[in-house]
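**Student:** Can you keep this structure in mind? I'll have questions shortly.
The values are calculated or read from the model by the stated rules, or taken from the named source; none is laboratory data. No experiment lies behind these values; they were computed from the predicted model shown. Because the Cβ atoms are built from the backbone with ideal geometry, glycine has one as well, and the counts that use them run over all protein chains shown. Accessible surface areas use protein heavy atoms only, side chains included; no ligands, DNA or RNA. Shrake-Rupley method; radii C 1.70, N 1.55, O 1.52, S 1.80 Å.
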Amino acid sequence: MPALDVRFVDPDDALAKPLIADLAREYDERYGDIFGEPASAELERYPTAEFAPPFGAFVVLLDAGEPVSGGAFKRYDQTTAELKRIWTRADRRGEGLARIVVAELEAEALRRGYTDVYLTTGPRQPEAVRLYLALGYTPQFDPAHYGEVLDAHAFTKSLVTEGVPA
């Protein structure tokens, strides 16, 4: 596999648009309107400025100039970044790209002074649950009952160990 280009972009950048469009499509396919509105409405909840410096970031992985994976974070509180919009193009899943995205976002969050990460995933995204557990995130729910509750499932992770980056 050729080297990927890791690029932090403005959330409104043309390189981010395919990511957001496919994420919206996938949310709607997986969830429909079980939450009382199209699931893609989640993508409109926060102004894109929240995913831009100085408090947020948006990363895209490019292969031959094409976006293949990406994600973002925004400020959750003064010491915590909230990961959002982690996505990998369907034909590129299983290659470890989401792991790269999360690692890039964690490193950038640490550079920005955050010490902790918070995120949520939905009840119909078991691959995301497996990813976050494998990356050392602590579930704020009982993973044995994942999927039984139609609600967001939260995870947390410390980026530092006794004041030193983890």
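**Student:** Looking at segment 21-39, which of the residues that are more than 14 Å from residue 152 (Cα to Cα) and surrounded by 15 or more Cβ atoms within 10 Å (Cβ to Cβ) is nearest to the chain's Cα centre (by Cα)?
**Tutor:** Checking each candidate, the answer is 23.
**Student:** Could I ask something else about it? Hey, could you check segment 43-94 for residues that are among the charged types (D, E, K, R) and farther than 24 Å from residue 31 by Cβ and say which is least open to solvent (accessible area, probe 1.4 Å)?
**Tutor:** First pass over segment 43-94, keeping only residues among the charged types (D, E, K, R): 44-45, 50, 63, 66, 74-75, 77, 82, 84-85, 89, 91-93.
Then keep just the ones that are farther than 24 Å from residue 31 by Cβ; that gives 63, 66, 75, 77.
Values: 63: 27, 66: 104, 75: 95, 77: 64 Å².
The residue in question is 63.
**Student:** Ok, one more. Only one of these conditions is not met by residue 127: (1) acidic (Asp, Glu); (2) touching a helix residue (DSSP H, G or I) at 6+ places or on another chain (Cβ under 9 Å); (3) closer than 19 Å to residue 9 by Cβ. Which number is it?
**Tutor:** (3)
**Student:** Another question, then. For segment 17-29, enumerate the residues that are over 19 Å from residue 119 (Cα atoms) and in contact with a Lys or Arg (Cβ under 9 Å, 6 or more places away or on another chain).
**Tutor:** Looking only at segment 17-29, we keep the residues that are over 19 Å from residue 119 (Cα atoms), and these are 17-18, 21-22, 25, 28-29.
Of everything in segment 17-29, those that are over 19 Å from residue 119 (Cα atoms) and in contact with a Lys or Arg (Cβ under 9 Å, 6 or more places away or on another chain) turn out to be 18, 22.
**Student:** Consider residue 61 carefully, then state whether it is touching a Leu at 6+ places or on another chain (Cβ under 6 Å), aliphatic (A, V, I, L, M) and touching a residue at least 24 places away in the same chain (Cβ under 8 Å).
**Tutor:** Details: touching a Leu at 6+ places or on another chain (Cβ under 6 Å): yes; aliphatic (A, V, I, L, M): yes; touching a residue at least 24 places away in the same chain (Cβ under 8 Å): yes.
So residue 61 fits the description; yes.
Matching residues to (1) in contact with a helix residue (DSSP H, G or I) (Cβ under 9 Å, 6 or more places away or on another chain); (2) in contact (Cβ under 8 Å) with a residue 40 or more places away in the chain; (3) at positive phi:
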site	(1), (2), (3)
77	no, no, no
88	yes, no, no
95	no, yes, no
116	yes, yes, no
136	no, no, yes
142	no, no, no
145	no, no, no
153	yes, no, no
165	yes, yes, no
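**Student:** When only residues in segment 120-131 that are touching a residue at least 24 places away in the same chain (Cβ under 8 Å) and part of a helix (DSSP H, G or I) count, which is surrounded by the fewest Cβ atoms within 10 Å (Cβ to Cβ)? Lay out the reasoning, then the answer.
**Tutor:** Filtering segment 120-131 for residues touching a residue at least 24 places away in the same chain (Cβ under 8 Å) gives 120-125, 127-129, 131.
When the remaining residues are screened for being part of a helix (DSSP H, G or I), the result is 127-129, 131.
Details: 127: 12, 128: 17, 129: 20, 131: 20.
Per the criteria, the residue is 127.
**Student:** Restricting to segment 100-119, and then to whatever is under 26 Å from residue 3 (Cβ atoms) and over 14 Å from the mean Cα position of the chain (by Cα), can you tell me which residue is least open to solvent (accessible area, probe 1.4 Å)?
**Tutor:** By that ranking, first place goes to 110.
**Student:** Kindly evaluate residue 108 against the criterion of being outside any strand (DSSP E or B), out of contact with any helix residue (DSSP H, G or I) (no Cβ under 8 Å at 6 or more places or on another chain) and modelled with pLDDT under 95. Step through it out loud before you land on a result.
**Tutor:** Values: outside any strand (DSSP E or B): yes; out of contact with any helix residue (DSSP H, G or I) (no Cβ under 8 Å at 6 or more places or on another chain): yes; modelled with pLDDT under 95: no.
Considered against the rule, which asks whether it is outside any strand (DSSP E or B), out of contact with any helix residue (DSSP H, G or I) (no Cβ under 8 Å at 6 or more places or on another chain) and modelled with pLDDT under 95, residue 108 comes out as no.
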